[in-house]
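Heads up: the structure comes next, in structure tokens.
Derivation of every value follows stated rules applied to the coordinates shown; laboratory data play no part. Everything numeric in this text was worked out from a predicted model, so none of it was measured. A quick note on method: Cβ atoms are made from the backbone with ideal geometry, for glycine too, and the neighbour counts reach across all protein chains shown.
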Amino acid sequence: MTTLQTPAEGSGPRMVGAPPFPHPLVIRPHDERVRIYVWQVPVRVTHWVTFFSILLLVVTGAYIGDPYLLPPDGSIMRAIRFIHMVSAFTFLASGLLRLYWLFVGNRFSRWTAFVPVTASQRRELIKQIGWYLFVRKEAPRVLGHNALAAGTYTAIFVLFLVQTVTGFALAGMHGTEPWATLFGWVPSLMGGVSGMRLIHHLVMWVILAFMIHHVYSALLVDHWERNGLMSSIFSGYKFVTRGEIEEARDGGMEIEELAE
Amino acid sequence: MATVDGSVYHALIARGVSRRSFLKFSAAMAGALMLPAAYGPRIANALSTAKRLPVIWLEGQDCAGNTEAFLRASHPTVAEIILDTLSVDYHETIMAAAGRQAEDARKATMKAFPNGYLVVVEGSIPIAEGGIYCTIGGRTFEDTVKEVCAGAKAVIAVGSCAFDGGLPAAKGGPTGAVGVSQVVPKATVVNMPGCPMNVQNLTAAIVHFLTFGSLPATDSLGRPLFAYGQLIHDQCERRAHFERGEFVTAWGDDASRKGWCLYKMGCKGPETYANCPTARFNDGTSWPVKAGHGCVGCTMPSFWDQMSPFYGRLSTTPGFGSDVTADQVGLGIVATVAGLTALHAGGSYVRHKRDAAAPPPPAEAVEAGTATGGTQA
């Protein structure tokens, strides 16, 4: 966590000419509730593009896996597969942008927020699990992703990668370049083409199961933290007290400075 | 066209094949090998001058299906005669000699043509317990294959068993069956899997060998690209029904009488590489999908395990029973997560009520006070 990157942009002209540290004489109440900019535009955009492309991929993928409901007509399978491929490319583009943002985004969206690299993140992970299991009364204080959520998202990113690779390998089976050349090695890793197809199918179910958990835990944590977590994925802002910013693992003075 | 005595061409003429049929055959072979038409005359030239190529046809743990496929052609074709001409030296199923005489014939060929014969292997090679599950003349088949292949110009493994063990290697098989390339990893082996392989492809591979002096180009599994380079699905005559969303949903239903797509009946055409739709079997008469049955994927590695259930779209999930579908597993995952979520929601509600009822601890007093406080937007 070398430099603080973007909240500066988000906070606008108010920061121009501001001293790097709070003026010693300015007294800020500990329980003053302030607005902090957590999720930058690319984070929110990729979140929703990924969500809608997954929705399309699941519906069209289910049809491709086992054609249902739609009556025979024109070239329905071709159309469905076309939508599946377009959604796949949208999903890929969104994934690539998010991947890039792992390295240039703010502290809440960087890769260091996802992989538990520090000891405090690992301690937080245990504490968070304890909270979920009703063992601990208090959940750790964080502004961005808690260590457990971040770890889960990392696992989901890996599943996204598996879906992308198996998906393009399936496209490559028809000899379509460059997928045939780029992903021709994939089936042998998965016990053959049918194993690859099975994995592509099962991972979809795991992603659907994750969606249930994701929405539930977001609502739960929103209720516990009472900081506008649910609306933050639309607006980018969370509402926290100055005391919470100081306590949070990913908070601190420099974040508090940017609070509005 | 110069011809040479003792060439394949002369052998064919002696068997009553007309020159016209021979040229037609050469052109057809160019087509089978996916070569431009200009290669037809080149193939004819090569066959006119190529010396008879002795073939030793070994048969191991198998059903002789590939031999049967080759023998059961409805009427003699040039292809059949060419194979016949080539392969009389040793073929356990069709040779007249038996017992010691037969083994002597094999040894005589190996001696007479050191480094000059072609080996066709049919059937899997059991290697468990020293290979005792298949012995010929008191020797294990593994031994025979190693000995014969060591002096071969090239080896062609025909059928799924010789490719990777096939049926004897399916789950539960006790014989440790493997394919030819696993027993003789150093030999040049071309795999022609299929249950059975298509004789047209075998003939084309041999003609390629006679014409160019090498076996045809193969994929990463050693299968010739001319025959195993494309998905069955992409060449299928029922593909239009797939695109239109017209599927057979029960055997004998109206859709199956109309010849609609067998995708929903578990056809493995979309994951199987072979030229069955274009080459077809029994002199180009038919092939499984044309006959109304889905492809079972017999040209693919470990197809008995990989492609089952043959009548289901997806394979079953390892670790679950064979009657549990992938979708049932997936729904189970989703239902489990949904159930746990509901349980957790109940638990969280209880926690919430309990916390609300209990007096707030002093340390949290401030926070509890601000939680309902106004926010600054």
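With the helix formula -39500 (n - 2.57) applied to DSSP H stretches of n ≥ 4, chain B reaches a computed 222 nm mean residue ellipticity of -12000 deg cm²/dmol. Take every DSSP beta bridge whose two residues both sit in chain B; close to 35 percent of them are antiparallel. Computing FRET efficiency as 1/(1 + (r/R0)^6) for residue B:139 and residue A:180, where r is the C-beta to C-beta distance and R0 is 35 Å, gives about 0.20. Using bins 10 angstrom wide from zero, how does P(r) for the stretch B:226-327 break down, in % of all Cα pairs? Distribution as computed: 16, 45, 32, 7, 0 percent.
Between the beta carbons of residue A:69 and residue A:153, assuming R0 = 35 Å, the FRET efficiency works out to 0.60 to the nearest 0.05.
The long axis of helix A:193-225 is offset from the longest Cα principal axis of chain A by roughly 20 degrees.
Counting only alpha carbon atoms, the long axis of helix A:119-132 and the longest principal axis of chain A meet at about 80°. Label positions at residue A:59 and residue A:119, each projected 7 Å from the Cα along the C-beta direction, are separated by 5.1 nm. Each label point was placed 7 Å from the Cα along the Cα-to-Cβ direction; for residue A:41 and residue B:49 their separation is 7.2 nm.
Shape annotation for the stretch B:8-228: C-alpha extents along the principal axes are 53, 38, 33 Å, from largest to smallest.
Counting Cβ atoms of other protein chains within 10 Å of each residue's Cβ and taking the mean over peptide A:130-143 gives 1.
Of the peptides B:15-24, B:149-158, A:181-190, the ranking by mean beta-carbon count within 10 Å, highest at the top, reads B:149-158, A:181-190, B:15-24.
Across every pair of non-identical alpha carbons in chain A, the mean reciprocal distance, once inverted, gives a Kirkwood radius of 20.8 Å. Helical content alone sets the calculated 222 nm signal of chain A at -20000 deg cm²/dmol, taking -39,500 (n - 2.57) per DSSP H segment of four or more residues and averaging over every residue. Considering every alpha-carbon pair of the protein assembly as shown, the percent of pairs per 20 Å bin, from zero through the bin containing the longest distance, is 16, 36, 25, 16, 7, 0. Of the DSSP beta bridges with both residues in the protein assembly as shown, give the percent that are antiparallel, rounding to the nearest 5. Antiparallel: roughly 45 percent of the beta bridges in the protein assembly as shown.
Axis of helix A:76-104 versus longest Cα principal axis of chain A: the two differ by about 30°, to the nearest ten degrees.
As a calculated quantity, the FRET efficiency between residue A:134 and residue A:93 at R0 = 60 Å, using C-beta atoms, amounts to about 0.90. In this simple spin-label model, placing a label point 7 Å from the Cα along the Cα-to-Cβ direction at both residue A:231 and residue A:48 gives a separation of 1.5 nm. Within 10 Å of the Cβ of each residue in A:68-80, the mean number of Cβ atoms contributed by other protein chains is 4. Translational diffusion coefficient, Stokes-Einstein: compute it for chain B using the Kirkwood radius over C-alpha pairs as Rh, at 37 °C and 0.692 mPa s, and state it as an integer in µm² s⁻¹. It comes out at roughly 135 µm²/s.
Counts of other chain beta carbons within 10 angstrom of each beta carbon in peptide B:302-314 average 3. Taking the protein assembly as shown, the Cys residues with no second Cys beta-carbon under 4.7 angstrom are B:63, B:134, B:149, B:161, B:236, B:261, B:267, B:276, B:295.
Under 5 Å between amide hydrogens, which residues at least 5 positions from residue B:191 or on another chain qualify, with H placed 1.01 Å from N in the peptide plane? Here B:157, B:223 satisfy the definition.
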